[in-house]
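Below: one structure, written as structure tokens.
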Amino acid sequence: MSVQFYEGVGRRKESSARVRILAGSGQFTVNNKPAQDYFNRTGDIEEILGPLNVAGENPSAIDITVMVKGGGVTGQTSAVKLGLARALVKMNPGYHPAMRNGGFLTRDARIKERKKPGLKRARKAPTYTKR
């Protein structure tokens with residue numbers, strides 16, 4: 001017997017998150033740790049659970065398992081949020097309009113800009129001297 005779960009992949013900057021949701025008791029684990037231990041910045045858990053609030057799902061009725069890698073805290077938070085929204089839409093396609101209106105299904109395409117030759121960084125130029 002296989003367990004029925006729904007999976008969504010979210011990416012942001014250099015972070016990639018694989019989110020699985022299934023019926024359960026409200027456990028939220030990230031990389032085999034409790035989510036409160038992994039995302040300990042104020043407001044990160046609330047931001048991640050935004051798609052659940054929009055969908056009207058009860059967080060204590062589903063288990064969320066996340067495998068996230070790469071990037072920093074902000075990128076990982078956004079990647080998990082996108083992955084959760086995509087998994088919820090797979091679970092119930094009726095959530096799609098609400099997720100789209102809430103902005104949870106739009107991938108943030110901003111990435112680090114490459115360094116250009118002759119410049120110090122992506123845009124910073126050496127100081128101009130006339131003589």
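Filtering the stretch 83-96 down to residues that are free of Cβ contacts under 8 Å to residues at least 60 places away in the same chain and not in a loop (DSSP other than H, G, I, E, B), which residue is surrounded by the most Cβ atoms within 10 Å (Cβ to Cβ)?
Here the answer is TYR95.
Any idea how many residues of the stretch 46-63 are over 17 Å from VAL19 (Cα atoms) and either among the hydroxyl-bearing types (Ser, Thr, Tyr) or assigned to a helix (DSSP H, G or I) (or both)?
So the answer is 1.
Results for (1) surrounded by fewer than 18 Cβ atoms within 10 Å (Cβ to Cβ); (2) under 17 Å from the mean Cα position of the chain (by Cα); (3) modelled with pLDDT under 95; (4) not acidic (Asp, Glu), shown as yes or no for each residue.
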| residue | (1), (2), (3), (4) |
| --- | --- |
| MET1 | yes, no, yes, yes |
| ARG11 | no, yes, no, yes |
| ALA17 | no, yes, no, yes |
| GLY26 | yes, no, yes, yes |
| ALA35 | no, yes, yes, yes |
| ASN40 | yes, yes, yes, yes |
| GLU46 | yes, yes, yes, no |
| ALA55 | no, yes, yes, yes |
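Before we move on, is LYS116 modelled with pLDDT of 95 or more, assigned to a loop (DSSP other than H, G, I, E, B), surrounded by 12 or more Cβ atoms within 10 Å (Cβ to Cβ) and over 17 Å from the mean Cα position of the chain (by Cα)?
Yes: the conditions hold for LYS116.
Within the stretch 60-70, can you find the residues that are surrounded by 12 or more Cβ atoms within 10 Å (Cβ to Cβ) and not acidic (Asp, Glu)?
Across the stretch 60-70, the qualifying residues are ILE62, ILE64, THR65, VAL66, MET67, VAL68, LYS69, GLY70.
Please tell me if MET99 is within 14 Å of GLY10 (Cβ to Cβ) and surrounded by fewer than 20 Cβ atoms within 10 Å (Cβ to Cβ).
Here the answer is no, as MET99 does not meet what is asked.
The values are calculated or read from the model by the stated rules, or taken from the named source; none is laboratory data. On a predicted model such as this, the values are computed, not experimentally measured, just so you know. With ideal geometry, Cβ positions are generated from the backbone for all residues, glycine too; neighbour counts draw on all protein chains shown.
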